[in-house]
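This report refers to the structure that appears directly beneath it.
Only the coordinates and a few stated rules stand behind these numbers; no lab work does. Just so we're clear, the structure is a prediction, and the values are computed from it rather than from any experiment. Neighbour counts are summed over all protein chains in view; Cβ atoms, including those assigned to glycine, are modelled from backbone coordinates with ideal geometry.
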Amino acid sequence: MDKVRVGIIGSGFVSQVHAEAFLEVPEAEIVASCGADPVGAVEFARKWKIPTSTTDYRQLLERKDIDMVVVGVPNHLHREIVVAAAEAGKHIVIEKPLAHTLEAGRAMMEACREHRVKLMYAETICFSPKYARAKQLVEEGAIGKMYMTKQGAKHSGPPSDWFCDIERAGGGVIMDMGCHGIEWSRWMYGKPQVKSVVAHCQHVFHERTKGEDNSVIILEFEGGGISVLEDCWVRHGGMDDRIELYGTSGVIYCDLLHGSSMETYSVNGYGYAVEKSGDTKGWTFTVFEEAHLYGFPHEMRHFTQCVLNDQSARETGEDGVAALEIIYAAYESAGTGQRVNWPYEPKDPAAIPVNLWLRASEQGGICSLAKVASAKEADRSELKI
């Protein structure tokens with residue numbers, strides 16, 4: 001095999017980014033794509049010059065000329081599609097989080113083991129050039145022994161409507177953005193065992209979801225390192241993503257996006273964000289080459305090389321499961337107001353994790369919802385993200 005032939009499952013926001021990323025991966029070729037909306041599926045294929053498209057992922061998986069599929073669909077569909085892809089003998093790149101329940105994530109991992117295909121976890125900030133360079137500096141001893149990290153991801157709201165449906169997403173901002181920081185923290189410390197989790201959740205702004213729209217998580221690892229993770233859907237003014245690394249002989253501050261942005265003033269607003277919130281009106285920091293800054297091409301190139309050379313991926317299904325376990329512990333801590341220590345196993349790994357917080361809130365626990373969504377908004381497409 002001299003080139004990996006790729007099928008993309010999904011036609012929404014993140015699948016657009018995936019397709020863009022592969023433009024920088026000459027070792028791969030996208031040969032087919034899939035989207036639930038017939039018009040959208042054709043438009044997606046035309047935009048990225050993909051030879052064929054379908055509205056049924058099963059038809060894509062039947063193709064003999066596909067080596068690897070990249071799955072970017074709502075969380076509750078991950079298990080069904082990944083298990084089917086494993087049974088079809090396809091290597092799999094799955095967009096974060098691994099699944100909307102721990103039970104589903106474990107089933108996906110086992111299916112891939114059984115059928116001897118790679119399950120590669122698309123945790124993009126572990127591939128971001130800036131963040132990867134920061135990790136290299138730590139490994140070179142630039143700041144001594146690292147004892148604390150901070151990571152924050154904040155913007156004004158979820159990119160697609162399905163994120164607001166907790167039954168499909170599994171939760172709120174933690175399932176959307178907190179999963180990034182959780183896996184990034186494990187990666188920064190060399191993936192040690194978690195020792196404890198403390199978390200707080202709030203619902204302060206978005207009426208269209210029952211899930212949390214602001215959260216703070218503190219992770220403690222074996223060996224003494226801690227991580228503080230802040231995630232927010234209520235931060236207006238565009239995307240903010242940054243890290244801080246503290247060591248015994250130095251510190252690293254890294255802003256992923258603003259350092260390479262353009263100052264822009266717009267009366268009307270611009271781009272994708274204006275469709276959702278008008279968040280690009282007035283003064284903004286206009287980000288360019290965002291996919292590159294976040295590491296999507298680097299991620300896809302790495303996964304492609306893993307398939308070509310039969311190598312282990314930097315991020316795997318096991319890592320996705322480990323992140324899900326921490327997510328469950330974070331919601332349980334937020335609901336009970338107590339630290340969750342390891343070893344830890346949620347009482348019901350088949351239940352969506354946010355229920356560990358919501359049920360405590362409904363029963364008069366320490367966290368109360370500021371607002372409750374009156375109705376779920378209809379999703380435009382099951383295969384859009």
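Among the trypsin sites (Lys or Arg not before Pro) within region 326-360, those in coil by DSSP and having at most 11 neighbouring Cβ atoms inside 10 Å are Lys347. Each residue in Met175, Met146 was given a count of other beta-carbon atoms within 10 angstrom of its own, and listing them fewest first yields Met146, Met175. Residue order for Ile30, Ile218, fewest other beta carbons within 10 angstrom first, comes to Ile218, Ile30. Share of antiparallel DSSP beta bridges in the chain, in percent to the nearest 5? Of all bridge pairs located within the chain, approximately 55 percent are antiparallel.
Taking the number of Cβ atoms within 10 Å of each Cβ as an exposure proxy, the fewest-first ranking of Asp240, Asp348 is Asp348, Asp240.
Full extension of the chain segment joining Asp65 with Val234 gains 56.4 nm, where the gain is 0.36 nm per residue of separation less the Cα-Cα distance.
Length available on full extension from Ser260 to Asp310: 0.36 nm per residue minus the Cα-Cα distance, which gives 14.4 nm. Projecting the Cα atoms of Gly269, Ser33, Ser249 onto the dipole axis of the chain, where Lys and Arg carry +1 and Asp and Glu carry -1 at the beta carbon, places Ser249 farthest toward the positive end.
Short-range pairs are left out: with C-alpha atoms under 8 Å and at least six residues apart, the relative contact order of region 128-190 is 24 percent.
Between His292 and Arg359, the C-beta separation translates, for a Förster distance of 45 Å, into a calculated FRET efficiency of about 0.60. For Lys130, a cut-off of 15 angstrom between C-alpha atoms picks up these aspartates and glutamates, skipping any fewer than 8 places away in its own chain: Glu139, Asp240, Asp241, Glu244, Asp255, Glu289, Glu290, Glu299.
Which is farthest toward the positive dipole end of the chain among Gln16, His115, Tyr331, measuring Cα position about the Cα centre, with Cβ charges +1 (Lys, Arg) and -1 (Asp, Glu)? Result: Tyr331, furthest along the dipole toward the positive end.
Under 16 Å from a label point 7 Å along Cα→Cβ of Val251: give me every residue in region 130-147 with its amide N that close. Residues passing the 16 Å test: 143-147. Here Lys347 and Gln193 are evaluated by their C-beta separation; at R0 = 22 Å the FRET efficiency comes out at 0.55.
Filter the cross-link list Lys47/Lys90; Lys145/Lys191; Lys3/Lys49 down to pairs whose alpha-carbon distance in this structure exceeds 22 Å. Over 22 Å Cα-Cα: Lys47/Lys90. Note: relative contact order over region 126-290, using C-alpha pairs below 8 Å and six or more positions apart, is 27 percent. Within a straight-line Cα-Cα reach of under 20 Å, Lys281 can be paired with the following lysines, leaving aside sequence neighbours fewer than 8 residues apart in one chain: Lys154.
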